[in-house]
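The values are calculated or read from the model by the stated rules, or taken from the named source; none is laboratory data. Note that the structure is predicted; figures quoted are calculated from it, not measured. Here the Cβ positions follow ideal geometry from the backbone for every residue, glycine too, while neighbour counts run over all protein chains shown. Calculation scope for accessible area: heavy atoms of the full protein, side chains included, ligands and nucleic acids excluded. Shrake-Rupley method; radii C 1.70, N 1.55, O 1.52, S 1.80 Å.
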Amino acid sequence: MSNYIINTTKKYIENYNKSIAEPEKFWSDLAKNNFSWYERWSKVLEWDFKKAKIEWFKHAKLNITVNCIDRHAKSNPKRTAIIFEPNNSNEKQKSFTYLELLKEVSKTANILKTMGVKKGDRVCIYLPMIPELAFSVLACARIGAIHSVVFAGFSSEALATRINDCESNVIITSDGSFRGDKIINLKSIVDNAISRCSSPQKVLLIKRTNQKVNIIPKRDILYDEIKSKVSDECKPEIMDAEDPLFILYTSGSTGKPKGMVHTCAGYMVYASYTFKNIFQYETNDIYWCTADIGWITGHSYIIYGPLCNGATTLMFEGIPSYPNYSRFWQIIEKYKVNQFYTAPTAIRAIAKQGNKFLNGYDLTSLKVLGTVGEPINIEAWDWYYKNVGNSRCPIVDTWWQTETGGIMISSIPNVIPDKPTFATKPFLGIQPIILSESGDEIFEYEKVGKLCISFPWPSMARTIWGDHNRYINTYYSTFKNKYFTGDGAYKDKLGNIRITGRVDDVVIVSGHNLGTAPIEDAINEHNLVAESAIVGYPHEIKGNALYGFITLNTENFDENILMKQINEIISKRIGPIAKLQKIQFTKALPKTRSGKIMRRILRKVAARDIGDLGDISTLLNPNVVKEIIANSQ
Ligand code: WT7
């Protein structure tokens, strides 16, 4: 038990050193003593970064849902596992004890079985933030099916791309979703997606909004009807440590989304261990993460991490601004939330409304605040610290990625001090290294380099579904024997790490990871568009926003109509989150002699930072730059 809880600086230092000196022993002790296994491993770790081969707890047998549910349902059946707070504050909330959760998950698992789902099959989940989303995820894990949750803000085309990529045949969805004062018809989005699917599909339909939807007999199964016909007991499937647990898509520098594959044992151990310590979760605390389960944050820190620790985790269906900007604070007061984990973009949006929405709410239950998803600026950090935490609560600025499965760099309350805008120190077992362009370690303070990780950790993604070569090329080929994160970073004198942002063609907009390539592909479909380049630029609320430089194959066009059409295409192909904030039509794009668009220049123009454009001597068409600057927005 001893190294599971890290609550002093001394313990952190001692255990961190152990985790680096003898990683296998460290993780083996931890896994042995804190989780439930059918069989132990024959080898703790086998790895080769050159081939991107990573195996943890080899040959061990387990089921993650036994660790997340059964053992707590046995020891603390009445403890609340999930609190569900609906979109509308007038609707009654719901809670599920660990025993109730076990029954709900077992029923959903049995429903999936009756639909023919077996171990290893992929199940796509496209749901709002309702309890059935958690049940569905865990039901898949119960029977060894691989869940692929798709954020329910993605368009039908984006959904179809993901269904086709992992060749799933079952989709769990709902009639609709409530988002603020809007109702979104999810079922019709799914129907539309299915018309683009190459393989036959079955739909498990959950009722949420009660709107009338189109039902296709035999293909669509009604959850409410079938639920009363199945048993509330379901034996867990015995899984191998390295069997896939889930696929989660993330955008990359090229068109197609990457289906990151996470496996059972390593993911469980790491998500659980980081949750317990980074949030300093204590028994009976109420923990709330505002992310959507459609993202990795929701997977690891709403479902698996908290439940594995027997925690009480709050799921919120709605948005921070409905019915008004007090919603978060009202929920914290209502449930006496102890740990609150959200995104900088939400903090900025709320802070902008002024403190009147915060005044009068009792937030004294809060012990720890967290942020995730993008760098937090000092103004947002200060506001969060002073107004939400009343200058009393440490802030954990947690850096990690879909690919890493769990938090990699973060302070730990009362263990590793926080420092505004710095993620600070590596978690146990994590070996970050900052490299120069040529691959040498940067030792100088405050010099930005590329952030890599030089040793495997248990929850790292194992591959990209169906494309292991892309996995190798994306993460292990930039620097020899290192995992390359795609982020820039530097260290201060005390070794605190600060993330400076992406160094590739991924832009983080409102905490969402967006590749520019798929957006460009979408725009280029418009018959008047010749070419486009999308870059990110700093935005007050969203962190970054998208700026599109677009060349047309005509001089006859209506700018306003075209802008509208371009954003409509993006919404349709990807989703509204990928819409462009600014569009500039330009005669040409700056290109090198080899024909490559010089995005560096466009980034500077978009950021209004044109004092020094750097070396533009290799440009084929330097005059274009003047025109672009003159017409920039
Ligand atoms: C990218 C990963 C990790 C869950 C949510 C995002 C950026 C993430 C931080 C942070 C600065 C951060 C990085 C990273 N990022 N957390 N605390 N400070 N940047 O997961 O969608 O896979 O995006 O988000 O650029 O590479 P994701």
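For Ser436, what accessible surface area do you get with a 1.4 Å probe? Give it in Å², rounded to 10.
30 Å²
Quick one: accessible area per residue over segment 65-237, 1.4 Å probe, rounded to a whole number of Å²?
Computed with neighbouring chains in place, this is 40 Å² per residue.
Taking R0 as 25 Å, what FRET efficiency do you get between Asp558 and Asp615 from their Cβ-Cβ distance, rounded to the nearest 0.05?
Efficiency computed from Cβ-Cβ geometry: 0.10.
Which pairs break 26 Å Cα to Cα here: Lys212/Lys579; Lys18/Lys493; Lys10/Lys491?
Lys212/Lys579
Given a Förster radius of 22 Å and the C-beta distance between Tyr4 and Trp47 as r, what FRET efficiency does 1/(1 + (r/R0)^6) yield to the nearest 0.05?
Result of the calculation: an efficiency of 0.40.
Only helical DSSP H runs with n ≥ 4 go in: add -39500 (n - 2.57) per run for the chain, normalise by residue count and round the 222 nm mean residue ellipticity to 500 deg cm²/dmol.
Estimated from H runs of four or more residues: -8000 deg cm²/dmol.
Which of rounded, prolate, oblate describes segment 75-184, given a ≥ b ≥ c as roots of the alpha-carbon gyration tensor eigenvalues and a/c under 1.5 marking rounded, otherwise prolate only if a/b is larger than b/c?
The shape class here is oblate.
What does the extension gain come out to for Asn214 and Glu39, with contour length at 0.36 nm per residue minus their alpha carbon separation?
Stretched out fully, the Asn214 to Glu39 stretch lengthens by 58.3 nm.
Starting from 0.36 nm per residue, how many nanometres of slack lie between Ser571 and Lys94 once their C-alpha separation is accounted for?
Computed gain between Ser571 and Lys94 is 168.4 nm.
Taking the Cα centre of the chain as the origin and placing charges on Cβ (Lys, Arg +1; Asp, Glu -1), which of Leu514, Ile171, Thr478 is farthest toward the positive end of the dipole?
Farthest towards the positive end: Ile171.
Would you rank Glu55, Glu100 by solvent-accessible area, highest first, keeping every protein chain in place and using a 1.4 Å probe?
Glu100, Glu55
Sort segment 509-631 into rounded, prolate or oblate with this rule: let a ≥ b ≥ c be the square roots of the eigenvalues of the Cα gyration tensor; rounded if a/c is under 1.5, and if a/c is not under 1.5, prolate when a/b is larger than b/c, oblate otherwise.
Cα axes put segment 509-631 in the oblate bin.
Placing unit charges on C-beta atoms (Lys and Arg positive, Asp and Glu negative, everything else neutral), compute the dipole magnitude of the chain about its Cα centre in debye, rounded to 20.
Using Cβ point charges on Lys, Arg, Asp and Glu, the chain gives about 680 debye.
How far apart, in nm, are two points set 7 Å out from the Cα along the Cα-to-Cβ line at Thr114 and at Ala607?
5.7 nm
Could you work out how much longer the chain between Leu528 and Lys352 gets when fully extended? Use 0.36 nm per residue separation minus the Cα distance between them, nm to one decimal.
59.5 nm
From Cα pairs below 8 angstrom and at least 6 apart in sequence, can you work out the relative contact order of segment 509-631, rounded to a whole percent?
Computed over segment 509-631, the figure is 24 percent.
How would you order 56-65, 137-146, 362-371 from highest to lowest mean count of nearby Cβ atoms within 10 Å?
Highest to lowest by the protection proxy: 137-146, 56-65, 362-371.
State in Å² the accessible area per residue of segment 510-633; use a 1.4 Å probe, count heavy atoms of protein chains only, and round to the nearest integer.
Here the residues of segment 510-633 average 49 Å² of exposed surface.
For segment 379-459, with all protein chains present and a 1.4 Å probe, just round the carbon and sulfur fraction of the accessible area to a whole percent.
47 percent
Just to verify a number: FRET efficiency for Glu14 and Val448, C-beta to C-beta distance, R0 = 45 Å, to 0.05?
Once the sixth-power term is evaluated, E becomes 0.90.
For segment 531-609 and segment 329-379, write down the distance between their C-alpha centroids in whole Å.
33 Å
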